[in-house]
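Trainee: Encoded as structure tokens, here's the structure I'll be asking about.
Here, each number is a calculation from the coordinates, and none is a lab measurement. No experiment lies behind these values; they were computed from the predicted model shown. Ideal geometry is used to build each Cβ from the backbone, glycine not excepted, and the neighbour counts take in all protein chains shown.
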Amino acid sequence: MRDTLALPGAGQERLDRIVRLIADSMRTEVCSIYLFRDAETLELCATEGLKKAAVHRTRLRLGEGLVGRVARSATPINTGNAPAEKGFRYMPETGEEIFSSFLGVPIQRLGERMGVLVVQSKEARQFSDDEVYALEVVAMVLAEMAELGAFVGEGEALGARHKQPVMFRGVMGQEGAAEGQVWLHEPRVVVTNPVADDPKAELERLHAAMEVLRGSVETLIAEADGSDAEHREVLEAYRMFTQSKGWMRRMEEDIARGLSAEAAVEKEQSAARARMEQVPDPYLRERLQDLDDLSNRLLRILTGQGRDTGAEMPDNPILVARNIGPGELLEYGRRLKGVVLEEGSVGSHAAIVARALAIPLVIQAERITTEALNGDHILVDGDQGIVHLRPEDSVASAFRDKIAMAAKAQERYASIRDLPAEARCGTRISLQMNAGLMADLPSLPSSGAEGVGLFRTELQFLIRASVPRRGELAALYARVMDAARGKRVVFRTLDIGSDKVLPYMKRPDEPNPALGWRAIRVGLDRPGVMRMQLQALIRAAAGRPLAVMFPFVAQMDEYFAARRHLEQELEREARLGHRLPERVEIGAMLETPSLAFAPRRFFEATDFVSIGGNDLKQFFFAADRENELVRRRYDTLNTSYLGLIAHIVARCAETGTPLSFCGEDAGRPVEAVCLAAMGIRSLSMRPASIGPVKHLIRRVDLGALRDVIDAACARGEATVRPAVTDFLKAAV
């Protein structure tokens with residue numbers, strides 16, 4: 001079989017020869033190869049035993065018939081009575097009605113499904129385990145050959161791989177648009193020798209590479225001495241897999257049947273990835289992910305293809321990855337023009353860093369790492385969550401027009417940078433910026449922001465393997481205040497939990513982390529880290545004003561408990577003779593509807609309140625903002641939600657408590673101007689949004705807009721958006 005697959009040939013000729021020789025070797029009347037022509041359609045590309053006229057004409061949807069079932073499940077189907085099988089579909093143009101036995105196996109590479117390899121016979125029999133295994137090995141080699149372009153031809157499904165334009169519809173992680181070239185975070189390992197002539201030599205190579213892998217894992221474990229239990233648990237799982245006799249035995253059997261060491265590793269990795277897609281249990285999925293990572297390490301040892309392939313990063317790199325941690329993304333820094341991830345979430349660490357770096361981000365762009373190659377032309381539309389890979393000229397031209405229009409708009413916004421956000425009615429709105437990294441602070445003067453309305457302190461914890469020291473934090477916070485040059489900076493204390501999990505902190509098993517042990521709840525239950533952070537903030541201020549905000553306060557008592565911790569640390573620092581802040585403002589983020597109805601005493605006690613719009617909206621509408629099925633379903637300008645905003649504004653007005661709004665909606669001009677009309681006088685947003693928001697505020701009479709909003713509410717409309725849109729069209 002190995003010699004069969006190694007024969008020369010190209011395109012259709014090679015496929016035709018392969019199916020004849022496989023049918024002969026397997027002693028079956030039929031052998032057929034179906035390849036994907038698009039993500040949902042399989043095409044018969046070659047056959048021995050079925051009607052030749054059906055080639056490139058017979059097509060099946062994913063999941064349709066036995067072939068479609070194999071493609072969908074990525075698992076073999078072996079039956080002696082194909083017509084009796086669930087989902088069987090008879091295709092008269094193929095002439096297959098006389099065949100009873102059916103064996104179909106997926107053609108796949110590292111989870112990338114390329115097609116289905118089928119053998120059939122008239123005799124009603126099930127194929128043996130050895131025959132199934134042999135056909136799986138052949139399918140794996142076919143996948144490698146397809147990856148290397150061995151089957152390019154005239155059929156639709158035989159188009160040149162990695163050459164055609166592809167559009168990916170993902171999820172918006174960070175707004176903006178960018179054009180550039182693909183830079184793969186983990187370049188694909190290319191296996192150029194799927195078959196080998198000397199099994200003994202391949203076994204020796206595999207064993208030697210496995211010893212290197214085991215040694216590297218032992219080094220990681222030794223270096224992790226003193227780390228938390230969860231970190232060590234992951235490494236122990238790595239060690240367990242490297243000692244797995246079953247894993248090694250399967251790879252040895254693959255080599256004995258003619259595969260190279262690399263191909264044997266990759267075959268088992270593909271099988272593990274197929275299993276991963278079928279496993280609902282998150283713990284088991286994590287363990288299979290561990291095995292996937294170890295397989296990549298083993299492949300790199302065998303091939304010598306490290307992450308550093310010698311390729312030079314292009315001038316305009318767009319990073320493409322399955323996922324990426326915040327530390328790794330920060331290492332790339334502002335060299336990147338954009339980021340595209342197969343996984344991730346709108347609140348993930350990578351999304352937070354991408355916003356800090358002000359680069360477009362698209363997440364959940366499924367299968368892009370299997371399609372993209374280093375250097376591919378790529379367009380990233382963060383506004384729509386769309387990625388164009390190897391775009392046609394017309395698409396690229398339209399995209400460049402969009403970028404040019406955005407650049408002109410930025411020039412227009414720059415002209416009003418130093419002007420106040422003063423509406424036509426004379427009302428002034430304070431526009432602040434959100435930040436979380438020192439890299440954000442240079443944007444403060446250039447954006448026109450009046451200060452930092454939210455400095456996220458968790459990023460310094462997320463990008464490290466251990467808890468940062470108090471002195472390190474104090475130095476960082478001092479640099480932040482220095483960079484602000486006297487402008488107010490509001491430091492939000494550590495907001496972890498939910499989708500922000502510290503690598504050195506054991507994550508509790510929670511059915512719904514967004515509603516679980518997070519933010520202020522963690523700080524009050526484990527006060528050591530919170531008190532250390534408060535000490536660092538006090539020392540960083542060193543006589544300057546300090547503003548501290550506690551996140552995710554759901555009831556009054558939580559705020560008072562956190563405030564007492566800060567007051568105690570101020571007293572302690574005074575006893576130690578350290579210089580105290582000139583003044584201290586202590587505020588709370590209002591992110592739960594419950595806090596909007598807290599007793600008056602809460603609003604009297606807070607120095608300021610900031611509405612956390614992202615969380616408040618998801619809890620108000622019971623719509624997870626990570627869930628694409630529901631998150632766009634609910635409108636910020638819904639009259640019920642605006643009623644809650646009006647209630648909060650009134651509560652703060654009664655006690656004279658300063659109120660601000662922080663979240664994605666603060667940076668959307670239409671939503672922002674409506675929030676201002678509702679009585680919110682301070683908005684905090686990403687730096688790039690300040691110009692567009694200020695531009696619109698300066699052209700609107702907020703009193704007149706409030707009348708439009710109130711009238712729409714009085715009419716019983718579900719949302720004020722249509723009325724507001726009509727008003728803005730006429731007024732601006």
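Trainee: Starting from the Cα-Cα distance between ARG469 and SER446, subtract it from 0.36 nm times their residue separation and give me the gain in nm to one decimal.
Mentor: Length gained, ARG469 through SER446: 5.1 nm.
Trainee: Additional query: Can you tally the net charge around MET685? Count Lys and Arg as +1, Asp and Glu as -1, for every other residue whose Cβ sits under 10 Å from the Cβ of MET685.
Mentor: Net charge around MET685: 0.
Trainee: Under 5 Å between amide H atoms, partner at least 5 residues away or on a different chain: which partners does THR719 have, H built in plane at 1.01 Å?
Mentor: Result for THR719 returns THR639.
Trainee: If we restrict to alpha carbons, what Rg and Dmax does the range 2-158 come to, in Å?
Mentor: Expressed in Å, the Cα Rg and Dmax of the range 2-158 come to 13.9, 39.
Trainee: I'd like the projected area of the range 689-732, averaged over all directions, using the convex hull of its alpha carbons. Report it in nm² with one decimal.
Mentor: That works out to 3.3 nm².
Trainee: Quick query: amide H of SER430 versus all other amide H atoms, modeled in the peptide plane; which residues come in under 5 Å with a sequence gap of 5 or more or a different chain?
Mentor: Under 5 Å from the amide H of SER430 lie the amide H atoms of SER682, LEU683, each far enough along the sequence or on another chain.
Trainee: For an R0 of 35 angstrom, estimate the FRET efficiency from the Cβ-Cβ distance between GLU422 and ARG335 and round to the nearest 0.05. Could the numbers behind the result be given before it?
Mentor: Details: r = 38 Å, r/R0 = 1.09.
According to the calculation, E is roughly 0.40.
Trainee: Express in nm, to one decimal, how much length is gained between LYS729 and PHE560 on full extension, taking 0.36 nm for each residue of separation and deducting their alpha carbon distance. Can you show the working numbers first?
Mentor: Working: separation 169, 0.36 × 169 = 60.84 nm, distance 4.60 nm.
Extending this stretch completely gives an extra 56.2 nm.
Trainee: For an R0 of 30 angstrom, estimate the FRET efficiency from the Cβ-Cβ distance between VAL630 and ASP383 and round to the nearest 0.05. Before the final figure, lay out the partial values.
Mentor: Values: r = 20 Å, r/R0 = 0.68.
So, using R0 = 30 Å, E works out to roughly 0.90.
Trainee: Applying the Karplus parametrisation 6.51 cos²θ - 1.76 cosθ + 1.60 with θ = phi - 60° to the phi angles of the range 251-268, what ³J(HN,Hα) value in whole Hz is obtained for each residue in order, glycine and proline being reported as x?
Mentor: Each residue's phi maps through the Karplus curve to give 5, 5, 5, 4, 5, 4, 8, x, 7, 6, 4, 4, 5, 5, 4, 5, 4, 5 Hz.
Trainee: Taking amide H positions as placed in the peptide plane 1.01 Å from N, state which residues far from GLY115 in sequence (5 or more) or on other chains have amide H under 5 Å from it.
Mentor: Here the answer is PHE36, ILE107, since their amide H atoms fall under 5 Å of that of GLY115.
Trainee: While we're here: Whole-Hz Karplus ³J(HN,Hα) for the range 95-109, in order, using 6.51 cos²θ - 1.76 cosθ + 1.60 and θ = phi - 60°, x for Gly and Pro?
Mentor: Using θ = phi - 60°, the values come out as x, 8, 5, 8, 9, 9, 7, 9, 9, x, 10, x, 9, 8, 9 Hz.
Trainee: Between ALA406 and MET240, how many nm apart are label points set 7 Å from Cα along the C-beta direction?
Mentor: Placing both labels 7 Å along Cα→Cβ, they lie 4.5 nm apart.
Trainee: Relative to the compact-globule scaling 2.2 N^0.38 Å, provide the ratio for the alpha-carbon radius of gyration of the range 551-613.
Mentor: Rg over 2.2 N^0.38 Å, computed on Cα atoms: 1.26.
Trainee: Karplus couplings for the range 713-719 from phi (6.51 cos²θ - 1.76 cosθ + 1.60, θ = phi - 60°), rounded to Hz, Gly and Pro as x?
Mentor: 5, 5, 6, x, 6, 5, 9
Trainee: Given 0.36 nm per residue, what is the gain on full extension from ALA414 to ARG249 after removing their alpha carbon distance, in nm?
Mentor: Contour length minus the Cα-Cα distance gives 52.9 nm.
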